[in-house]
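So the structure is just underneath, and the comments pick up after that.
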Amino acid sequence: MAAPQAPYIGKKTGKVSLDETVFGESFHEHLVHRCVVAELNAKRTGNQSALTRGEVSMTGAKAWRQKGTGRARVGALSVPHRTGGGVAFAPKPRSYTVKVNRKERRRALRAALSVHASRGSLAAVDAGAFSDKPSTKTAAADLAKFGDGGRALVVLVDGEENAVLSFRNIDGVTVLPAGAVGVSDVIGASRLIASEGALDLLSKVAGAETKEVAA
């Protein structure tokens, strides 16, 4: 089986070879789902809070006398169905953390990266082409030639700031440093574009293991 490759976009032509141990992983739907849920839950603050009927500041006095008014008997004014009363089953601050083991997270990241490699939605970008000055026009033209549109994730590394400035203002494009890329970012993008440095770092983050062969 041939090693996976990704084409270049922009002025540089040809293809870049990908690490088969990272970009040739089988798709593990249950692991990818767990990691996406864990990452999205981690973004929730969990600080929602409301007052129950025992916590609202409400008088304890009876609204009107028990008999003689022609109206129904009244109880506490702090009950949920009265204006100003407490909330039934009020939400309280909580943690939405879902634990995912490091090996599982790495394997899920490899699976998500491999999806892009197998379906041809992964491309490499020569970040050095933007070394002189940023050019959003050039970046947009390069992206337009790759894929059928949709959300694009551009992954770069330190030292490629001009490329960041070139891609970040394009509609539908998200630019992230390679060290901050999660499974939800990769699997949620229609196209994945990364610099060579970012591809190397993603391979390390995904935890590819190289087996030594005895001579």
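The values are calculated or read from the model by the stated rules, or taken from the named source; none is laboratory data. Remember, predicted model here, so these are calculated numbers, not experimental data. When we count neighbours, we look across all protein chains shown, and the Cβ atoms used for this are built from the backbone with ideal geometry, even at glycine.
From the residues in the range 122-146 that are part of a helix (DSSP H, G or I) and in contact (Cβ under 8 Å) with a residue 60 or more places away in the chain, which one is nearest to the chain's Cα centre (by Cα)?
Within the range 122-146, the subset part of a helix (DSSP H, G or I) is 127-130, 136-144.
Subset that is in contact (Cβ under 8 Å) with a residue 60 or more places away in the chain: 127, 129, 138, 142-143.
Numbers: 127: 23, 129: 28, 138: 27, 142: 24, 143: 21 Å.
The extreme case among them is 143.
Being on the phi > 0 side of the Ramachandran plot and under 21 Å from the mean Cα position of the chain (by Cα) is true for just one of 70, 84, 150. Which residue is that? Talk me through it step by step, then tell me what you get.
Values: 70 fails: under 21 Å from the mean Cα position of the chain (by Cα); 84 fails: under 21 Å from the mean Cα position of the chain (by Cα).
Answer to the selection: 150.
Just the residues that are assigned to a helix (DSSP H, G or I) and hydroxyl-bearing (Ser, Thr, Tyr), please, taken from the range 164-181. Spell out how you get there, then give the answer.
Of the range 164-181, the ones assigned to a helix (DSSP H, G or I) are 164-167, 178-180.
If the condition is that a residue be assigned to a helix (DSSP H, G or I) and hydroxyl-bearing (Ser, Thr, Tyr), then 166 is the only one that fits.
Do you know which residues across the range 151-163 are in a helix (DSSP H, G or I) and within 10 Å of residue 195 (Cβ to Cβ)? Outline the logic, then answer.
Of the residues in the range 151-163, the ones in a helix (DSSP H, G or I) are 161-163.
Selection gives 163 alone.
When you scan the range 132-191, how many residues do you find that are surrounded by 14 or more Cβ atoms within 10 Å (Cβ to Cβ), acidic (Asp, Glu) and farther than 18 Å from residue 8 by Cα?
Residues flagged as surrounded by 14 or more Cβ atoms within 10 Å (Cβ to Cβ), acidic (Asp, Glu) and farther than 18 Å from residue 8 by Cα within the range 132-191 amount to 1.
Test each condition in (1) surrounded by 14 or more Cβ atoms within 10 Å (Cβ to Cβ); (2) free of Cβ contacts under 8 Å to residues at least 12 places away in the same chain; (3) not hydroxyl-bearing (Ser, Thr, Tyr) for residue 77 and report the one that comes out false.
It is condition (2) that residue 77 fails.
I'm trying to understand the selection: among the residues of the range 12-38, which are crowded, with 19+ Cβ neighbours inside 10 Å and either closer than 12 Å to residue 183 by Cα or not aliphatic (A, V, I, L, M) (or both)?
Scanning the range 12-38 gives 19, 23, 25, 31, 32, 34, 35, 36, 38.
Does residue 163 satisfy the criteria of being within 30 Å of residue 102 (Cβ to Cβ), out of contact with any His (no Cβ under 8 Å at 6 or more places or on another chain), of a type in the set (A, V, I, L, M) and modelled with pLDDT of 90 or more?
So residue 163 passes the test.
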